[in-house]
Each structure stands twice: as C-alpha cells, then as structure tokens.
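As structure tokens, the structure follows; a few thoughts come after it.
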Amino acid sequence: IKADFDEAITKVQSKDELEQLRINYLGKKGIVTELLKGLKNLDAAEKKVAGKEVNLVKNSIEEALITNGKRIEEEALLNSIASAEKFDYSIPSKLNTGSLHPITIIQRQIEDIFKSMGFIIEDGLEVQTEYNNFEAVNIPKHHPARDMQDTYYLENGQLLKTHTSAAQNAIMKKYGAPKPGETLKVLFPGRCFRNENIDACHENTFFQMEGMMIGENISISNLIYFMKVLLSEVFQRDVKVRLRPGFFPFVEPGFELDVNCLICGGEGCSTCKQSGWLELLPCGMIHPNVLEMGGIDSDKYTGFAFGLGLTRLAMMKYEIKDIRVFNSANLKALKQFSKK
Ligand code: PHE
C-alpha cells in the first residue's frame, strides 16, 4: 500500500489531485480507513502488530500529503513568476487605439494653414438665435433665402445653426474693428444642421469652415489669394477652379467657387452630378449691412467671407463616395483615413 501511494503522489500536480489521493487512502471509504476498520476482526495479538503497521502507514501518508501540498504550492508560485517574466512590456498593445475622424483631420489641417497666415480660430455655438443665424447676416424675416435652408427650430424658438455664418455677428462684436493698419482674420469651423433628405450626397448634419477677413482695404483679390492658398495646401497639387456669381444675402458681390471634380477628373460622376464641377467654396465681400450690425463702420472697412463645405471637401480629398460614412460610426471605414 505504501509503495503504491508513494508512486501515486509523485505524479500529483495540483491541489485537486492531491485531495483526491487523500480521499482514496484516508477518506471514509479510503484504503487505509478500511484497513483500520478491519482490525476489529482480528484477535488481540494480531491486532497489536497489524494496528501498529497500519498506523505507521497512515502517519507516513499524512506526512507525505503535507509535504507534497507544499511542493505543489511552490511549483504554482514559480510557474506564475515564470509566466509573468515572459510578459514583454515592449510589445505594442493589441487594443484598439483611437483614430481621428477624417473631418477632424482635414479641419485641423486647414486650421494650421490659416493659423500660419495669422488667423484666429473661433468656435461658434450650435444652438443659435434666429437673429444670429438670419437677421444679423442680412436675411430678414420672410426673406426667401430662409427657405434655402431647411431649418431645425427648437421649441424655445432658437434653432440649430444652418451655417457657420451664424457666428459672424458675435465674432465682429467680440473683436471689433481692427486697429489702423491691421486686419481681423478669423476662422470658425462648425457643425451645421439642415433638414435634408439623406442620401449619398446629402446629410442633415455636416461641417463647414467659415473664414472672414476685415480691414481697411480688403478686396476681391485678397479673397482669391487666400482661397487659392487654401485649396492648393489641402490637395497638395494645383486644382482647377472657376468663379461664378453666387447669391448670398450676406455678401455683395457673392461668388460660387467651384473645384474641378477630383473623383472623376471633370468627366462627370455621381458626386458632381455629372457636371464635372463641385460647388465647394461659396464666398464674397461682406455686405455693408452685416458689418454695420456687427458694429463695424462699413464706410471705413471692407472684408471678405467664405463658407467652405468641409464635409464635401473631405469627400473629395479622401474620395469618399457616400456622405453617410461620416456619421455612420463605422470604425472600419473611418479608421483608414488616419494614415493618409
Ligand atoms: N453661409 C453660406 C451657406 O452655408 C456660405 C457662405 C459663407 C457664403 C460665407 C458666402 C460667404 O450656404
């Protein structure tokens, strides 16, 4: 019995196995227990000899169980240290790290370009008053231009801004007219909302990037210069543009600056509605009424403003054919732009 036990215990690897072995030998129906029970059938002399033997075996089994218990614990500890040592902290994590949204990437890129040209970056509120969104940019009540922008009104009479121009008035009031010989140059990106039917080219939530430059001698040539810098920096190549007259109540004269469609190269595709051109940069000279409402003397100062369609620009730059990708939370689609 002792020999069998000794052989079995060297093979034991875990606490569970050890416990099982204990039960097999010393449990209620264990081998040793049964032997002890059997002693009562022997006569006194036999009982004395056999009892001694069985108890010796029992004691040595108990001892072996204790020492092997310790051995198993030590081995477990050594194993865990060894496997901890195998952990290599220098291996890059397999966890998903975040990436910037394509709109954010392009927004920051343009901000950097304009900052280097002396522009201040401003933020506009998303919830605006009717005054800021419309009246202050020369779109009075009942003006047909309000229909051009399908506005989301809130129950309290405020609205979700339909264009970044909604921040023009507050910015003019905040900074005031520039000092003599200086100009006020501000860039204000923002999320805009319009009640559009959503398809591959239309979203009810999109981003614009508005810019404004005000000074004593600002002219259309300043406007064109900055727009060219902007586009060539963004696309890193010469892009064909065309300037058409465009109507916006807050600029006079107003223009539509179109870019040759970079997706089809001007041949015509679904993104440019087969025209070969994309309306990308509406702009113009700030209307005197708008300057006046912002507290800036329109006899003395002039300025230009532009409202870049940031979402559309991102579509062009990254050749994204469906605008719905941007708000889709589809990480597989969105993550690939972080490397470009
Ligand atoms: N706010 C206009 C729009 O969203 C764009 C614009 C901005 C046009 C500034 C001219 C000057 O449609």
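Every number here is computed from the coordinates shown, using simple stated rules; none is lab data. Here the structure is a predicted model, which means the values were calculated and not measured. Glycine gets a Cβ as well: all are built from the backbone with ideal geometry, and neighbour counts include every protein chain shown.
Structure notes:
- Gaussian network model of the chain, Cα within-10 Å springs - most flexible of PHE87, PHE235, PHE119: PHE87
- Among the GluC sites (Glu not before Pro) in the range 216-262, those located in a DSSP loop and surrounded by at most 16 other Cβ atoms within 10 Å of their own Cβ are GLU216.
- Amide H contacts of SER219 (H built 1.01 Å from N, under 5 Å, at least 5 apart or other chain): none
- Loop-located trypsin sites (Lys or Arg not before Pro) in the range 215-257 whose Cβ has at most 10 other Cβ within 10 Å (DSSP): ARG237
- 3J(HN,Hα) along the range 180-196, derived from phi through the Karplus expression 6.51 cos²θ - 1.76 cosθ + 1.60 where θ = phi - 60°, amounts to x, x, 10, 10, 9, 10, 10, 10, 9, x, x, 8, 10, 9, 9, 6, 9 Hz, with x in place of Gly and Pro.
- Counting every pair of alpha carbons in the chain, the share spaced more than 33 Å apart comes to 50 percent.
- Cα-only Debye scattering, the range 179-245: base-10 log of I(q)/I(0) at q = 0.15, 0.18, 0.21 Å⁻¹: -0.74, -0.95, -1.07
- Estimated [θ] at 222 nm from DSSP helical runs (n ≥ 4, -39500 (n - 2.57)) normalised by residues in the chain, nearest 500: -12500 deg cm²/dmol
- Across the chain, C-alpha contacts under 8 Å between residues 6 or more apart give a mean separation that, scaled by the residue count, equals a relative contact order of 16 percent.
- Spin-label model distance (nm) - SER219 vs LYS332, 7 Å beyond Cα toward Cβ: 5.6
- Sorted by Cβ neighbour density within 10 Å, fewest at the top, the residues HIS143, HIS101, HIS163: HIS143, HIS101, HIS163
- Each Lys and Arg adds +1 at its Cβ and each Asp and Glu adds -1 at its Cβ; summed about the Cα centre, the chain shows a dipole of about 760 debye.
- Here the residues SER270, SER83, SER298, ranked from fewest to most Cβ neighbours within 10 Å of their Cβ, fall in the order SER83, SER270, SER298.
- Estimated FRET transfer efficiency (ASP322, LYS179; beta-carbon r; R0 35 Å; 0.05): 0.15
- Dimensions in Å of the range 131-271 - Rg and Dmax from alpha carbons: 17.0, 49
- Each Cα pair of the range 1-150 feeds into the Kirkwood radius, which the Stokes-Einstein equation turns, at 4 °C and 1.567 mPa s, into a diffusion coefficient of 53 µm²/s.
- Which of TYR89, TYR152, TYR301 has the fewest Cβ neighbours within 10 Å, and the rest in rising order: TYR89, TYR152, TYR301
- Fully extended contour minus Cα-Cα distance, from GLU46 to ASN24, at 0.36 nm per residue: 5.4 nm
- For the range 79-170, the percent of C-alpha pairs falling in each 10 Å distance bin, counted from 0 to the bin holding the largest distance, reads 13, 26, 21, 15, 8, 9, 6, 2.
- Among the trypsin sites (Lys or Arg not before Pro) in the range 1-87, those located in a DSSP loop and surrounded by at most 14 other Cβ atoms within 10 Å of their own Cβ are LYS28, LYS29, LYS86.
- The range 8-48 and the range 69-130 have Cα centres separated by 60 Å.
- Its Cα centre serving as origin, the range 46-107 has a Cβ charge dipole (Lys and Arg +1, Asp and Glu -1) of approximately 180 debye.
- Relative intensity of the range 242-293 on a log10 scale, I(q)/I(0) at q = 0.27 Å⁻¹, equals -0.89, per a Debye sum over C-alpha point scatterers of equal strength in the absence of solvent.
- For the chain, Cys with no neighbouring Cys Cβ under 4.7 Å: CYS192, CYS201, CYS283
- Count Lys and Arg as plus one, Asp and Glu as minus one, and take only other residues whose Cβ is under 14 Å from that of ASN24; the net charge is then -2.
- Scattering curve values for the range 44-93, log₁₀ I(q)/I(0), Debye with Cα scatterers, q = 0.29, 0.32 Å⁻¹: -0.97, -1.04
- Note on the chain: GNM, Cα springs under 10 Å; of ALA329, ALA177, ALA84, the largest mean-square fluctuation is that of ALA84.
- With a simple spin-label model that places each label point 7 Å from the Cα along the Cα-to-Cβ direction, the separation between LEU78 and ILE91 comes to 2.4 nm.
- Remark on GLU252: its backbone amide H falls under 5 Å from those of MET285, ILE286, HIS287, a criterion applied only to residues 5 or more positions apart or on other chains, H modelled at 1.01 Å from N.
- Measuring between their Cα centroids, the range 209-246 and the range 281-340 lie 12 Å from each other.
- Distance in nm between pseudo-label sites at ASP150 and SER270 (7 Å out along the Cβ direction from Cα): 2.0
- Cα-Cα separations in the range 153-215 greater than 20 Å, expressed as whole percent: 42
- Over the range 1-85: Rg over Rh, Cα atoms, Kirkwood Rh: 1.15
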